[in-house]
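Presented below is the structure to which this report refers.
The values are calculated or read from the model by the stated rules, or taken from the named source; none is laboratory data. These numbers come from a predicted model, not from an experiment. Backbone-built Cβ (ideal geometry, glycine too); neighbour counts: all protein chains shown. The protein model used for the area step is the full one, side chains on, heavy atoms only, and it has no ligands, DNA or RNA in it. Shrake-Rupley method; radii C 1.70, N 1.55, O 1.52, S 1.80 Å.
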2 protein chains.
Amino acid sequence: MATIYDVAKAAGVSPKTVSRVMNGDAPVNQATREAVEQAMLALNYVPSSAARTMRSQRSGLIGMITGAISTTHQFEDAGLPEIYLVQGAQRVIGQSNRTLLIADSGGQADRIPTLLQTFREHRVEGILYVAEYHREVTLPASLRDLPIVLVNCFDAAETPCILPDDEGGQFTLVDGLIRRGHQRIAYLTLPEHQVACGLRVAGYHRAHAQHGIAVDERLIQVGALPSPTHEFDLLWDALDRVLKAEPTVICCANDKMAMRVYGLLRDRGVAIPQQMSVAGYDDYRMIAEHLHPGLTSAVLPYAAMGARAADKLLRLIGGSTKPGEPNREHVSAPVAWRDSVLTRDANVTQLNSRRRET
Amino acid sequence: MATIYDVAKAAGVSPKTVSRVMNGDAPVNQATREAVEQAMLALNYVPSSAARTMRSQRSGLIGMITGAISTTHQFEDAGLPEIYLVQGAQRVIGQSNRTLLIADSGGQADRIPTLLQTFREHRVEGILYVAEYHREVTLPASLRDLPIVLVNCFDAAETPCILPDDEGGQFTLVDGLIRRGHQRIAYLTLPEHQVACGLRVAGYHRAHAQHGIAVDERLIQVGALPSPTHEFDLLWDALDRVLKAEPTVICCANDKMAMRVYGLLRDRGVAIPQQMSVAGYDDYRMIAEHLHPGLTSAVLPYAAMGARAADKLLRLIGGSTKPGEPNREHVSAPVAWRDSVLTRDANVTQLNSRRRET
DNA sequence: CGATGTCATGACATCGGTGTCATAAATGAA
DNA sequence: TTCATTTATGACACCGATGTCATGACATCG
């Protein structure tokens, strides 16, 4: 592999001049520059980032640590859309001329120290710490000395973080449902211990309050999906309970649950959306777009969160954080309206976008 | 950040001795070793991979280049399960004490050269080139000088690659259906230009041949999903056509299509699986497990493919490829049987696993 | 015309590890 | 006891960039 010395020799200049051509940090004669560029091309020269890192003490690497990717196998597959997160982050990081180093903990917390060690060896300039679902975490003490931004999680120490606006998302969804003529809105929630659950229920209430609609508590039920720990289909019971309260629409905690509700409702001979509207959360497009009818869903803005997180991290590294900047940032997102929600009030027009022609 | 010199000074030895303690490449006195280890701990020493790479000329990095992650936005989201691929690869690579450097082309082919440049600067020892779906590719000429393994794709130059066994997967599925008493098996295929389409149709035929069942060609239809380019729901027509041939089960090209077929069948009042069995392909668990009833699906073994590819690449790098080793390797996988397939022949017992209690 | 400044370039040291070789002490064999 | 090994350690150079400083050739100014 050609080095800067080979290029220098071929171009008949000193290595330092080659360096100057590459970095443009000092004027170089036009003729010299061309000679050097030709030599680089001829030798297929690629500068060594290792040598650069060593001399400049800057690796140009950003570490991203994620557990969710593999958590998938062990627990639930809630984490899949994380790739959007990677995407969003990578776009921003790439623009800053840095490289993203991704490490997957494989869902095993005990592997994290090893991964961090690798990051340190590569002298990453900062770390994006990604959780598979909105939650509180406790950072290993060994992370305190690196610029770090948490994504989809937060800690007690107020480490900078980027979170989804769960309250706002559910508010927007329910508000939209009400505007579409729904008054009895059922809600099959996440397990109550989840951070997002409380926030979204709050959004649900705020939307009702804003429209002066009293909330019938029977409409809110925890909609547990079957899992390795819960053999039985608790969702079936939860659905049963909310149906007794006679809703016109059922909000589900996520698209997966909504997909299941589609099946359960149809087993009972309930037509979607003619007899019952359904909404999800996540806008997990692989599901939401391909269910029939298309599933209305509050967007979980992973790509935007990744980008925001990368941006914040770069500012942390560059020391250019604004003085008043809050440590915790919430990313809002719209609702993707699809055909699973029926507009009941004939006076409400033009709200239901993306109509399918059948 | 502490260097090897700091550690040496603290431990009262030479840097080289510290190096020996770390690498164990020469005997070190027990007392000395302990002193060094203590110093490393006290100073929180982490060796610099940049310095190592420079001296040893080995980066310990493997590059993975993928387009699918972002293709998602632009075309179809077929690529999502790639994360499993990353996982599988990372496990193997981690065991070899190397680090995986992942670059996402963002679905834009023109960004690939930039990514490769980054890989080169980091002196990756080899490359995993991942396609979003089973296809033929043409490698940029600049890749010829690096050890490389294609994943989910192949090229005319017979570059080593790892492919899914599409023929075998569909065969296993159809064979299983026949054993469960199905004789009229509809098949909504992928678009015909896709490599996997031909292979799977071949598997479909082989299974029929093996059981001496003639294939009614009307049962095989291309089942295009709606997409930006196809506004209309061609799947609806395709389904219409296969239903005329009176099948007892419908095989779909992928789980996404199967999900849609669930909806379309139910619109027609067809109960799954009582009146019609359904099967998918991919075993995209987020869909297959949560559809109701659970979707039977041929597994697309991404994790195994990632691991196999990493393994093959490491052997290429290490020069320990077996002489007779084929360039193209196919990874087989079983079928995940779930409740969407009805066992029709009462004599066939114990085949339908994972029964749900309702 | 000499002083000063800018442009263009090179010599040299340095970043933090590790390969090579040298050396001294301890051990074992003859 | 003496020579041959083995063990334990250090001195030194080197990997490939780039920061610092020096130098020579011109250009500009008073």
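Details
- Whole-number percent relative contact order across segment B:1-72, with pairs defined as alpha carbons under 8 Å at least 6 apart: 30 percent
- Local net charge near A:Lys16, Cβ-Cβ under 15 Å (Lys/Arg +1, Asp/Glu -1): +3
- Note that the protein assembly as shown presents 43 Å² accessible area per residue, ligands and nucleic acids not counted, probe 1.4 Å.
- Ellipticity at 222 nm from helices only: DSSP H runs of n ≥ 4 in chain A, each -39500 (n - 2.57), divided by the residue count, give -12500 deg cm²/dmol.
- In Å², nearest 10: area of B:Met40 left accessible to a 1.4 Å probe: 40 Å²
- With Cα atoms defining each centre, segment B:276-299 and segment A:298-341 are spaced 34 Å apart in the structure.
- In this structure, A:Ser332 and A:Asp25 have a Cβ-Cβ separation that, at R0 = 45 Å, corresponds to a calculated FRET efficiency of about 0.60.
- Shielded by partner chains, segment B:258-305 residues - at least 30 Å² of accessible area, 1.4 Å probe, vs chain alone: B:Met259, B:Arg260, B:Gly263, B:Arg266, B:Asp267, B:Tyr284, B:Arg285, B:Met286, B:His290, B:His292
- For the protein assembly as shown, the share of accessible area belonging to carbon and sulfur comes to 51 percent (1.4 Å probe, ligands and nucleic acids excluded).
- Reference-scaled alpha-carbon Rg (2.2 N^0.38 Å with N residues) for segment B:166-300: 0.96
- Relative to the other identical copies, A:Gly198 shows label-point distances of 5.9 nm, where the label point lies 7 Å from Cα along the Cβ direction and values run shortest first.
- Remark: accessible surface ordering of A:Thr248, B:Thr66, B:Thr138 (largest first) is B:Thr138, A:Thr248, B:Thr66, probe radius 1.4 Å.
- For the residues B:Trp236, B:Trp337, a 1.4 Å probe over the protein chains yields an accessible-area ranking, largest first, of B:Trp236, B:Trp337.
- Between the listed residues B:Met305, B:Gly198, B:Pro326, the Cα displaced farthest toward the positive end of the dipole of segment B:192-349, a dipole computed from Cβ unit charges relative to the Cα centre, is found at B:Pro326.
- Computed E for B:Gln117/B:Val195 - FRET, C-beta separation, R0 30 angstrom, nearest 0.05: 0.50
- Distances between copies at A:Arg328, taken between label points 7 Å from Cα along the C-beta direction, are 5.5 nm in increasing order.
- Charge context of B:Gly212, other residues only, Cβ under 13 angstrom, K/R +1, D/E -1: 0
- The magnitude of the dipole of the protein assembly as shown, with charges of +1 and -1 set on the Cβ of Lys/Arg and Asp/Glu and taken from the Cα centre, is near 1240 debye.
- Net charge of Cβ neighbours under 10 Å - reference A:Ile162; Lys, Arg +1; Asp, Glu -1: +1
- Counting from the shortest, the label point at A:Gln38, 7 Å from Cα toward Cβ, is 6.3 nm from the same position in each remaining copy.
- Normalised contact order of segment B:166-300, rounded percent, pairs of Cα under 8 Å and 6 or more residues apart: 24 percent
- All Cα pairs of chain B, percent lying beyond 39 Å: 32 percent
- In chain B, a dipole from Cβ-located charges (positive for Lys and Arg, negative for Asp and Glu) runs towards its positive end, and of B:Pro160, B:Val341, B:His122 it is B:His122 whose Cα lies farthest in that direction.
- Taking a ≥ b ≥ c as the square roots of the eigenvalues of the alpha-carbon gyration tensor, the protein assembly as shown is classed prolate because a/c is 1.5 or more and a/b outweighs b/c.
- Within straight-line cross-link reach of B:Lys312, lysines at Cα separation under 27 Å, skipping those fewer than 8 residues along the same chain: B:Lys322
- Beta-bridge orientation, chain A: approximately 5 percent antiparallel, per DSSP, counting only bridges with both partners inside.
- A:Leu243, A:Leu234, B:Leu173, B:Leu41, ranked by accessible area, largest first (probe 1.4 Å): B:Leu41, A:Leu234, A:Leu243, B:Leu173
- In this assembly, the A-B interface accounts for approximately 5600 Å² of buried accessible surface in total, computed with a 1.4 Å probe and without ligands, DNA or RNA.
- Distance-filtered residues of segment A:160-195 - backbone nitrogen under 19 Å, label point 7 angstrom along A:Gln210 Cα→Cβ: A:164-187
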